[in-house]
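The values are calculated or read from the model by the stated rules, or taken from the named source; none is laboratory data. Since we're looking at a predicted model, the values are computed, not measured. When we count neighbours, we look across all protein chains shown, and the Cβ atoms used for this are built from the backbone with ideal geometry, even at glycine. What goes into the accessible areas is simple: the full protein's heavy atoms, side chains included, and nothing from ligands, DNA or RNA. Shrake-Rupley method; radii C 1.70, N 1.55, O 1.52, S 1.80 Å.
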Amino acid sequence: MTDTPAPAVRLRADVLAVPAYRQGATPTKPGYKLSSNENPFPPLPGVLEAIRDRGDINRYAAAAMPDLRAAIAAQFSVGSDHVHIGAGSAALLYQLVQAAAGPGDGVLFAWPSFEAYPSLGLASGAENIPVPLNDRAEHDLDAMAAAVTERTRVILLCSPNNPTGPSIRRDAFDRFMQLVPADTLVILDEAYREFVTDPEAVFGEHVLGLHPNLVVLRTFSKAYGLAGLRLGYAVGAPAILAAAASVAVPLSVTGLAESAALAALTSESQKEQRARIAVLTERRDALAAGLRELGLDIPVPQGNFVWIPQSARVDAASLAAVFAEEGTLVRPFPGAGVRISVGEAESVPVVLEVVRGYLAS
Ligand SMILES: Cc1ncc(COP(=O)(O)O)c(C=O)c1O
């Protein structure tokens, strides 16, 4: 990152061994940014108004955020004490893993999955236990259940899975939960839940009440398009959430984010939101269909992105480089595949053209 010589400060060797989370690239020339699973729609007018009206940024926000927690709790039919707010669901992942896992413990997750997962075990001194996805790019829940040991303290389930797309099916989730010890924390990371169209998928709101060791994570960054404001939430047993809160960075959720989220949850905003989500899921399915017509094996996309697996015809790094030359940024996972976010309508034919050209060359 820099040529400045390292000072003689002793840093943790395990930390130095792991690279920092890598954000999706930012465009340097005009084109489409399809590298961070962002929402291409601008914020809703009601949300912008709420931010403009929030004048008290000389004050800390009231950390308890009772109105926002009540609004979220109502969606899950739980009490407000079952909701914990964080500065993005990424912050909540760190808190929950730190609350449950320490040195000598294990953190189990599917791989490839959300790129921040390996940092979670690292930050808490626990061991990461990645379990490869199956050949349909889904969680291999049988292999994950078999990998659980007495040391496993946290299991991360990502549905739909970032970066590959499929969601976890409800029947497979139910079977898996029967095999997981009741004292192991299971986090169902549903950052892309609003984009799921598969009725057979597991949905946090349907299973939360069945498993006291389950915490569901959601975010305002994706479907709600508030990535830049950093707001996510966890829903689960108050005792687990209280432990997470104990390791939270104090006062990191802003009042601006709170006001925006409340404005995004009004029934009028929700209606507008649903219409936008329908546009994005249709666009996603059209993009996947177009890629399949080019002969590619595209896993079922259930988030706001599609996945092109590495194959004899596709090298992830070189395909991403060709996209970048054309001014479109996508996310390569070298040796594994390329993730392409669903962006502006005009980006779909551009993506298909770039891939067509790449396959032909
Ligand atoms: C699966 C998954 N979980 C969590 C996050 C974190 O989102 P945020 O911190 O913006 O809520 C992301 C972001 O890309 C994600 O893909």
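Values for this structure:
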| read-out | value |
| --- | --- |
| Net dipole in debye of the chain [+1 Lys, Arg Cβ; -1 Asp, Glu Cβ; about Cα centre; nearest 20] | 500 debye |
| Convex hull projection area averaged over all views, the chain, Cα basis, nm² | 19.6 nm² |
| For the stretch 271-329 versus the stretch 207-237, the gap between their alpha-carbon centres in whole angstrom | 25 Å |
| Per residue solvent-accessible surface (Å²) - the stretch 53-266, probe of 1.4 Å | 39 Å² |
| Furthest towards positive pole of dipole, THR152, GLY209, VAL83, structure part the stretch 53-266, Cβ charges | VAL83 |
| Portion, in percent, of the accessible area of the chain that falls on carbon or sulfur, probe 1.4 Å | 56 percent |
| Relative contact order for the stretch 53-266, counting Cα pairs under 8 Å that sit 6 or more residues apart, in percent | 27 percent |
| For the chain: relative contact order, % (alpha-carbon pairs under 8 angstrom, 6 or more apart) | 23 percent |
| Given charges at Cβ of Lys, Arg, Asp, Glu: the stretch 53-266 dipole, positive-most of PRO181, PRO118, PRO250 | PRO250 |
| Estimated dipole of the stretch 53-266 in Debye, rounded to 20 [Cβ of Lys and Arg +1, of Asp and Glu -1, Cα centre] | 420 debye |
| Positive-pole candidate from ALA63, LEU359, LEU265, dipole of the chain, charges at beta carbon | ALA63 |
| Alpha-carbon radius of gyration plus Dmax, which is the widest Cα pair, for the stretch 53-266 in Å | 16.6, 53 |
| Ratio Rg/Rh [Cα only; Rh per Kirkwood] for the stretch 59-163 | 1.04 |
| DSSP beta bridge pairing in the chain, given as percent antiparallel to the nearest 5 | 45 percent |
| Shape call, the stretch 175-244: gyration tensor on alpha carbons, a/c limit 1.5 | oblate |
| Coil-residue GluC sites (Glu not before Pro) of the stretch 137-245, DSSP, other Cβ within 10 Å capped at 14 | GLU150, GLU200 |
| List TRP111, TRP307, ordered by accessible area with a 1.4 Å probe, largest first | TRP111, TRP307 |
| The stretch 53-266 - share of DSSP beta bridges that are antiparallel (%, nearest 5) | 30 percent |
